[in-house]
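Remarks on the structure that follows.
The values are calculated or read from the model by the stated rules, or taken from the named source; none is laboratory data. Every value quoted in this text rests on a predicted model; they were computed, and no experiment measured them. As a convention, Cβ positions derive from the backbone with ideal geometry for all residues, glycine included, and neighbour counts pool all protein chains shown. Keep in mind that these areas ignore ligands, DNA and RNA; they rest on the heavy atoms of the full protein, side chains included. Shrake-Rupley method; radii C 1.70, N 1.55, O 1.52, S 1.80 Å.
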Amino acid sequence: MAEWRQYVSRLTRNLAALPKIFWVAGGVVAVSLAVAMWLELSGPPYAVLEEGLSPQDGGKVIAQLQKLGIPYQLQAAGNIILVPAPQLAQARLQLGQAQVPGSDVQAAWSQLESAPMTASDLAQSTMAQQALQLSLQQSIQGMSGIRGAQVFLALPPETPFLADQPKPAASVIIEADAAAAQMQGQAIANLIAGAVPGLAANDVTVETANGITVFPEGSVLNTSTQLQTIAQIETLAEARVATLLIPMVGAGHFHTSVSADLDFTQQRIHNITYGPGSVIAHQTMAQSMNMDGGNQAIGIPGALSNEPPKATIAAPGSTPQVNQSANKANAGTSKGNSQPQPRQSSSNTDQAYVVDESDADIVDPSWSVKSMAVSVVVDKAALKGAVTVAQVQSAIAGAFAYPDVKVNILAVPFQRQMGQADTASFLAAVPPVAQALLEMMAAAALLFGFAMPMGKRLAALNILAFLPPVPRPMPMVLPPRDFSDLREQAADNIPGVARLLQNWAEDNE
């Protein structure tokens with residue numbers, strides 16, 4: 001028991017010798033832990049109420065929770081809304097009653113369905129148009145890369161005459177990056193054209209919030225876009241030339257200039273092709289034949305050609321024997337052909353064919369490179385070994401597949417100022433030197449900013465006070481010595497003791 005008390009008293013003295021800064025830091029940590037534990041243990045556990053809502057819907061939920069007086073917490077950058085677990089069911093029921101977060105699309109269609117019978121046709125068509133616009137907006141916002149969208153439909157009223165019916169049109173404003181907007185422009189136009197009867201994709205205009213038209217393609221290449229396209233083509237061409245020349249002459253030994261001529265003429269061709277094949281879709285055949293003979297009339301009723309031929313009268317002055325022989329021959333022929341012969345036959349055929357036909361719309365690209373001029377100035381001193389100007393020119397010309405590529409190579413010695421070091425060698429020597437300087441600065445900061453102040457603090461701090469004291473050995477008590485025998489011998493030999501003291505005195509002198 002006594003040892004335990006000694007240990008406690010020793011520990012108290014050691015703690016009292018600690019600097020105040022340790023006590024302050026320990027107090028701050030202890031208070032923070034206590035507050036965190038109190039916050040965690042004092043309140044009820046939280047459960048997930050909504051997850052993955054859009055910023056608009058999340059704001060509606062938070063506003064409704066504040067109105068209802070229900071506490072909430074946000075996690076994952078506001079994508080998760082939590083409420084106390086005992087109030088989770090109450091919050092869901094009250095939010096459902098208030099139709100929060102709800103959907104604007106669902107509300108618009110519900111309003112159209114619940115419209116009174118006394119509503120006019122104009123009011124109903126307006127509500128239907130608004131609901132359709134909201135539905136299209138929701139579909140477009142679900143596309144990849146689209147952050148927001150607004151759809152405006154221009155639907156003209158129907159007219160009794162189809163020839164006078166105006167065509168519908170649509171406009172879309174999207175919030176997206178340039179690449180995503182350019183990629184989704186055609187898809188957005190097709191989506192809206194398919195949702196509105198009579199609307200063609202070319203009548204849909206898609207623009208970004210920055211005022212750039214991404215569809216139709218004909219309106220994309222305005223003046224600023226044309227200049228950007230030309231600059232992009234020239235930049236890519238210069239990078240390609242640099243990729244070829246750096247292994248040949250080295251970096252910093254050439255300068256490149258590229259000028260591109262682009263054709264922004266766009267042409268649309270409607271092509272209809274008829275193939276050689278055809279298929280019979282419908283066929284009707286009708287045939288008739290008349291087998292009657294004799295002197296019965298054949299032909300159209302009432303016509304003179306239906307009468308049988310009359311007897312031939314011989315001309316005056318002709319020989320009767322010849323006429324008689326001719327009559328006998330005719331009589332013999334008529335007797336031989338006494339059987340009836342077909343006088344009329346007809347055949348009618350009605351056929352319908354399906355023609356092999358293909359219809360296509362051909363749209364030329366929005367731009368094409370007509371020609372390109374590349375000028376390169378090469379340091380003459382860099383053309384070493386087997387590398388010649390002709391080889392450099394051939395390599396650059398073969399890197400482009402445009403119709404007309406002109407390459408001009410000029411080899412001249414580059415001028416350098418006196419005392420100016422080579423840029424390439426200087427840049428190559430910079431990284432090691434910079435790394436060494438950074439290492440020296442880090443070592444100095446570690447030495448003067450941490451090691452020396454810590455050494456001073458450790459020197460001023462009595463480390464032995466933190467250690468338990470070393471137990472001291474118990475003192476040894478020796479019994480008193482008895483010098484009675486020595487006194488008796490000295491009393492018996494006094495001259496010897498005198499000589500011993502005299503010698504000791506002489507030695508110590």
Contacts under 7 angstrom Cβ, first residue in segment 28-52 being farther than 17 Å from ARG92 by Cα, partner at pLDDT 80 or above, 6 or more apart | PRO44/PRO84; PRO44/ALA85; PRO44/PRO86
Just one listed residue, out of GLY194, GLY252, is closer than 24 Å to GLN133 by Cα, out of contact with any Lys or Arg (no Cβ under 7 Å at 6 or more places or on another chain) and either not aliphatic (A, V, I, L, M) or not in a helix (DSSP H, G or I) (or both), and it is GLY194
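In segment 69-105, how many are aliphatic (A, V, I, L, M), crowded, with 16+ Cβ neighbours inside 10 Å and touching a helix residue (DSSP H, G or I) at 6+ places or on another chain (Cβ under 8 Å)?
Taking segment 69-105 first, the residues aliphatic (A, V, I, L, M) are 70, 74, 76-77, 80-83, 85, 88-89, 91, 93, 95, 98, 100, 105.
Imposing the further condition that a residue be crowded, with 16+ Cβ neighbours inside 10 Å reduces the set to 70, 80-83, 88, 91, 95, 100, 105.
Restricting the remaining residues to those that are touching a helix residue (DSSP H, G or I) at 6+ places or on another chain (Cβ under 8 Å) gives 70, 81, 83, 91, 95, 100, 105.
Residues that pass the stated criteria total 7.
Modelled with pLDDT under 75, assigned to a helix (DSSP H, G or I) and within 27 Å of LEU245 (Cα to Cα): does that describe LEU464? Working first, answer last.
Numbers: modelled with pLDDT under 75: yes; assigned to a helix (DSSP H, G or I): yes; within 27 Å of LEU245 (Cα to Cα): no.
Against the criterion (modelled with pLDDT under 75, assigned to a helix (DSSP H, G or I) and within 27 Å of LEU245 (Cα to Cα)), LEU464 does not qualify.
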Given the conditions (1) at pLDDT below 85; (2) surrounded by 15 or more Cβ atoms within 10 Å (Cβ to Cβ), report the number of the one that ASP164 does not fulfil.
-> (2)
Which of the residues spanning segment 127-152 are open to solvent by 60 Å² or more (accessible area, probe 1.4 Å) and more than 25 Å from the chain's Cα centre (by Cα)?
-> GLN130, PHE152
One residue from VAL279, VAL258, VAL249 being at pLDDT below 80 and either under 26 Å from SER394 (Cα atoms) or open to solvent by 60 Å² or more (accessible area, probe 1.4 Å) (or both) = VAL279
Just a yes or no: is a residue in segment 220-231 at pLDDT below 90, of a type in the set (Gly, Ala, Ser) and part of a strand (DSSP E or B)?
-> no
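Counting just the residues of segment 204-219 that are open to solvent by less than 60 Å² (accessible area, probe 1.4 Å) and in a helix (DSSP H, G or I), which one comes out modelled with the highest pLDDT? Before the answer, list the steps.
Going through segment 204-219, the residues open to solvent by less than 60 Å² (accessible area, probe 1.4 Å) turn out to be 204-206, 208, 211, 213-216, 218-219.
Keeping just the survivors that are in a helix (DSSP H, G or I) gives 218-219.
Working: GLY218: 56, SER219: 46.
Checking each candidate, the answer is GLY218.
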Per the filter on segment 224-238, residues under 25 Å from the mean Cα position of the chain (by Cα) and open to solvent by less than 60 Å² (accessible area, probe 1.4 Å) are THR225, GLN226, THR229, ILE230, ALA231, ILE233
Which listed residue is in contact with a Pro (Cβ under 9 Å, 6 or more places away or on another chain) and surrounded by 12 or more Cβ atoms within 10 Å (Cβ to Cβ), from ALA178, ALA193, ALA189 = ALA189
